[in-house]
Amino acid sequence: MRTVPRNLRVLRRMTAAHIAMSLTYRGVWLIFMAANISVPIISLLIWRTALAHGAQLPIDEQYITTYFVLLSIVTMATSSWLTTFLASDIRLGKLSSWMVRPASLLLNFVANNLSEKVMKLFALVPMIGVLWWAFHDSMNVPAGPSRVVLFVISILLAGILVFTIDILIASLAFWMDDVSALHQARLVIANVLSGSIVPLALMPSWSRGFIDNQPFRYTVSFPVEIVAGDLSSAELLTGIGFQLGYVLVFGVLARLVWSSGIRAYSAVGA
Amino acid sequence: MTTRTQTYAEPRRPLDRTWFHRQERHLRLWRRFLSQAIVRETHYRAHFVTTLIVGLVRLGLALVPILLLYGYTDDVRGWSQAEVITLVGLFQVVTGVLATFVAPNLMRMTTYITEGELDGVLVRPVSSQFYLTLRWINVAELSNVASGLLMVIFGLVRSGISPNALEILQAVMLVACGTVLLATVWCAMSFTAFWLQSVNPIAFLYNNLLESGRYPLVFFPAGVRAFLTFAFPVAFASTFPAQALRGDLGWLQVAEGVGLTVVAIVLVRAQWRYGLRSYASASS
């Protein structure tokens, strides 16, 4: 039997089931997104004040405003929370029951991630709309539909990249008892290097070569830069190329670690 | 000669003779909570080290925007980098105290209400609000208070400010008000569990809003400033004490802080009583 169409069908059913579950607590998503959007708003106000009072930043008000308004939607769309859950499923042996099913446990996490994205999108879009309206004077409008398409593609790639990095870290639970410290460390590093706290354009010039090419830039900052920044077509293409490259590298790595982990897996409670 | 057996239905001597005895009994109880928490902490030394490291990393992360910002300018609306470092240190002290004494309790609010654990508290001879807000103490978080104090001293030395005793007193009073104010706001948000059941996402929202306390109030537009002073009062926990240390704050603002704190405590007490009436036990 062809596996790809079958897996897609399973994925569709499981996503629908997850969405139905998420609908039980609808209000939660609004609060989650209000929390998600509050830190970018704080940063936005701070940097605008700095700019208005004479700080000589390498980027202008348009860039800053567009960056922080779009930041929460991109961090939301590319985030994943699977590391903790997957690691505990491996450690506590919940994986065993999935190994006899005709679909991978990972597919369940994809479905969970997709459903969570749908719920969050409904909660977040109105908030972003209000923000956009409030700051519309200094928002950058993407130059032409091609930028919008690139923005969407880049968000999708960034989402896949984050997801594979998370699988990679969670899979280490096959050999390690506790990956939570590693997970925390990854979150902290990613927060700085992905541009979720401060736009990467504001990083000092001596760090440029490293900052611009490391993988975390392609998990958040790059998609935002497509709309906010003034990337040339050449920079856009190399950026997307880099992003694809990182997706491939981390995809292959995660695949290798996961499959060798499955072979090393000695089930608990089975 | 028969001794008469007493039953619970008969009038007995009340537990506390006066209001002061009642407060004193609760204080004694809290001291027991604290010594128990310290004993527990000695059993989990790795937890102490992890809390310390996580706290330091968080602090470093909070400094990233400030260090970058002051790479491009020396002064933002009358605040130098060293003064902002003092402010971040003061705020670290406040959040450290909250994480030690209040957070471990409010994080349990959802289970208290959805699993009916509150039942067990209500039958005890103790103020239920006191017990739910202050029962658990996370001693390891005090390390963040220490790192905050070090940062305050570092910032003061760097900016060459030497506050006199009165200015220090003002700052201490404002930090105390700020801590209580933020605690009451968090309580008010958590006590909505009586009506909403699950309040875990509310803790997440609260913690994210708390990030605004790491910047001087004047960095925000006027409307937001009012919000951060009266509705979500981080100003009392960072900006005002930092201004007091610089010596440009009058006693009027200290009095304002004390007044606001009293009002907040009265309000959250009323909210608790009102919420308790709508509590319909989950276990019986």
### Query
What's the angle, to the nearest 10 degrees (0 to 90), between helix A:3-22's Cα axis and the longest principal axis of chain A?
70
### Task
Could you tell me how many degrees, from 0 to 90 and to the nearest 10, lie between the Cα long axis of helix A:61-78 and the main elongation axis, the longest principal axis, of the Cα atoms of chain A?
10
### Geometric extent, Cα atoms of the stretch A:194-270 - Rg, Dmax (angstrom)
17.4, 56
### the stretch A:43-114: relative contact order as a whole-number percent, Cα under 8 Å and 6+ apart
23
### Geometric extent, Cα atoms of chain B - Rg, Dmax (angstrom)
21.8, 93
### Query
Can you work out the FRET efficiency for the pair A:Ile189 and B:Glu10, with r the C-beta to C-beta distance and R0 = 60 Å, to the nearest 0.05?
0.35
### Message
Quick check: the distance between the Cα centres of the stretch B:1-35 and the stretch B:228-276, to the nearest angstrom?
### Response
34
### Query
When only DSSP loop residues count, what chymotrypsin sites (Phe, Trp or Tyr not before Pro) in the stretch A:1-103 have their Cβ near at most 13 other Cβ atoms within 10 Å?
A:Trp81
### Task
Work out the FRET efficiency for B:Arg158 and A:Val100 from their Cβ-Cβ distance, taking R0 = 56 Å, and round it to the nearest 0.05.
0.35
### Message
Output the 0 to 90 degree angle, nearest 10, between the alpha-carbon long axis of helix A:82-91 and the longest principal axis computed from the alpha carbons of chain A.
### Response
20
### Nitroxide proxy distance, nm - points 7 Å out along Cα→Cβ at A:Ala234 and A:Ala267
5.7
### Task
Rounded to the nearest Å, what's the spacing between the alpha carbon centres of the stretch A:146-167 and the stretch B:57-104? Just the number, please.
33
### Task
Decide, for the stretch A:3-264, between rounded, prolate and oblate: order the square roots of the alpha carbon gyration tensor eigenvalues as a ≥ b ≥ c, take rounded if a/c falls under 1.5, and otherwise choose prolate if a/b is larger than b/c, else oblate.
prolate
### Query
Do you know the relative contact order of the stretch A:62-150, to the nearest whole percent, from alpha carbon pairs under 8 angstrom that are 6+ apart?
54
### Task
When a/c is below 1.5 the answer is rounded, else prolate if a/b is larger than b/c, else oblate, so apply that to the protein assembly as shown with a ≥ b ≥ c taken from the square roots of the Cα gyration tensor eigenvalues.
oblate
### the stretch B:155-284: Rg to Rh, with Rh as the Kirkwood radius over Cα pairs
1.07
### Query
Which of the DSSP-defined H helices in chain B satisfy a minimum axial length of 15 Å, computed from C-alpha atoms, and a minimum mean Kyte-Doolittle hydropathy of 1.0?
B:45-72, B:81-101, B:142-159, B:165-190
### Message
Given Cβ point charges of +1 (Lys, Arg) and -1 (Asp, Glu) and nothing else, what value in debye, to the nearest 20, does the dipole of the protein assembly as shown about its Cα centre take?
### Response
2060
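Computed from the coordinates by the stated procedures, all read-outs in this text should not be read as laboratory data. No experiment lies behind these values; they were computed from the predicted model shown. Every residue, glycine as well, gets a Cβ built from its backbone with ideal geometry; the counts of neighbours run over all protein chains shown.
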